[in-house]
Structure formats: structure tokens, C-alpha cells
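First comes the structure, then the notes that go with it.
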Amino acid sequence: MADARREPDWTAAAQALLSGCVDLPDEELRLALLDQVCRSLGDALYPDFLNLLAVVGERGDAQACAVLAQTLLAGLQTGRLPSGRRQAWGAPSHSSLAAALAAQQFGAWRSLGPLEYWVCLSQDEPRGAGLAEPEFLRQGQALLRLINSSEAARQLYIQRLQALAADPVEGGLSRHARQMLTRFAEAWAQGQSPDALCQQVLGAMPARAHGLSALAGWGSR
């Protein structure tokens with residue numbers, strides 16, 4: 001995994017991550033593996049971690065993906081998974097990991113995990129922080145398929161997004177970003193497919209001409 005940043009072989013890295021999670025006997029060891037993977041990516045954790053998880057979501061079998069999805073959520077809930085750092089709207093950037101460690105209650109989220117980080121990429125200009133639309137959609141669809149492989153992980157992640165969106169104290173999210181997360185979580189909870197969810201995020205990007213009015217279309221499918 002340490003060479004992934006210099007000469008990325010995402011397929012091999014994804015297979016190693018999945019195999020490790022499946023083979024390890026308990027959650028504590030799986031969390032240690034995730035931490036090791038994140039450390040190996042160094043400063044490239046985001047967006048490289050998004051790409052790695054996307055490859056897992058595309059190519060991993062359902063059972064292995066479910067184990068990884070549950071481990072991912074455990075890492076986010078306990079602050080043991082380093083999170084994406086993003087420049088706050090009108091405020092200096094904060095250490096997402098330190099904020100996550102300070103959150104002792106489930107609802108007190110102060111960090112961006114991979115899926116909400118992906119959603120908030122749609123706030124960037126150019127769209128997706130330079131990602132072409134096909135790549136932006138590919139990553140989101142694969143991330144959702146990964147998390148959907150475990151119903152427990154899906155439900156917990158929806159709750160995570162709802163709590164983050166409802167917390168106005170989080171300086172790293174604009175009002176529009178929190179609205180997007182709210183609508184995204186609602187549509188996900190209603191069972192919309194990864195493809196439909198990602199298309200709606202794409203359509204609600206502020207860089208598009210219709211801007212905020214696109215939010216009115218959420219949940220209509």
C-alpha cells in the first residue's frame with residue numbers, strides 16, 4: 001500500500017484492503033489496517049482514498065464490501081479514520097481528525113468522511129475540484145455501492161449525513177452544502193439508486209446555470 005501514491009495500482013491496493021478486512025478476525029485489527037492504509041497515502045489521503053474506495057466499490061464482492069463498509073463507519077464514528085480537510089467558507093481550515101476526536105456523542109460530527117467529502121466536492125469551481133464529470137460520477141456511484149453493501153452501514157451513514165447537515169456550528173460547510181447533504185440523505189433513505197443520487201448531486205452543483213434552484217428537484221424521482 002505504501003507505493004500506491006507513487007505508482008498507483010488501485011486494483012491491487014483495493015484487493016489487498018478487502019482481503020485484509022475479510023481475513024482479520026475483529027474490528028480492532030481491521031481499524032488498524034485502515035489506519036495503516038491512510039497513513040501510507042500521506043498528504044494524498046484525499047482524494048486518493050476516495051479513488052481507492054471507488055475501485056473497491058466497483059470490483060469487490062458484496063460480502064467483502066460489507067465488512068469494509070462496517071469498518072469504515074466504525075473508524076469514522078470513533079475518529080480513527082483521518083478525514084478530508086477542506087477550506088471553510090469564510091473561515092480558516094480546521095483539523096478534521098482533531099475535531100472528530102472531540103466529538104463524543106454520535107450526533108456531534110465535526111469531520112468529513114469520504115462520501116460527504118465527495119458530495120462537497122460539488123461546491124468547488126471548477127466542478128468537482130477539476131474532476132471530469134464522468135470521473136466524479138464514477139467515484140460517487142462506487143462509494144454508494146460500497147456502503148449499500150451493508151444495510152447497517154447505510155443506515156448509520158445516512159444518520160451521519162443528517163447530523164452533519166443539521167449542525168450549523170460546523171464552519172467548513174456552507175448553508176448550500178448543508179442543504180445538499182440534507183437532500184442527499186433524504187433521497188438515500190428513500191432508496192434512490194446510486195446512479196440517481198449522483199446525477200442529482202451533479203445537477204445541484206452551484207457552477208451550473210440553475211444553481212440553487214436545482215435542489216427543488218431532489219426526491220422527485
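Check off (1) in a helix (DSSP H, G or I); (2) over 22 Å from Pro194 (Cα atoms); (3) open to solvent by less than 10 Å² (accessible area, probe 1.4 Å); (4) at pLDDT below 90 for Gln77 and give me the number that stays unchecked.
Only one criterion in (1) in a helix (DSSP H, G or I); (2) over 22 Å from Pro194 (Cα atoms); (3) open to solvent by less than 10 Å² (accessible area, probe 1.4 Å); (4) at pLDDT below 90 is unmet by Gln77, namely (3).
Could you list, in sequence order, the residues of region 13-52 that are assigned to a helix (DSSP H, G or I), open to solvent by 50 Å² or more (accessible area, probe 1.4 Å), within 20 Å of Gln77 (Cβ to Cβ) and not hydrophobic (A, V, I, L, M, F, W, C)?
Of everything in region 13-52, those that are assigned to a helix (DSSP H, G or I), open to solvent by 50 Å² or more (accessible area, probe 1.4 Å), within 20 Å of Gln77 (Cβ to Cβ) and not hydrophobic (A, V, I, L, M, F, W, C) turn out to be Glu27, Glu28, Gln36, Arg39.
The values are calculated or read from the model by the stated rules, or taken from the named source; none is laboratory data. Source: prediction; values computed, not measured. Cβ: placed from backbone, ideal geometry, glycine included. Neighbour counts: every protein chain shown. In case anyone asks, the SASA skips ligands and DNA or RNA and just uses the protein heavy atoms, side chains included. Shrake-Rupley method; radii C 1.70, N 1.55, O 1.52, S 1.80 Å.
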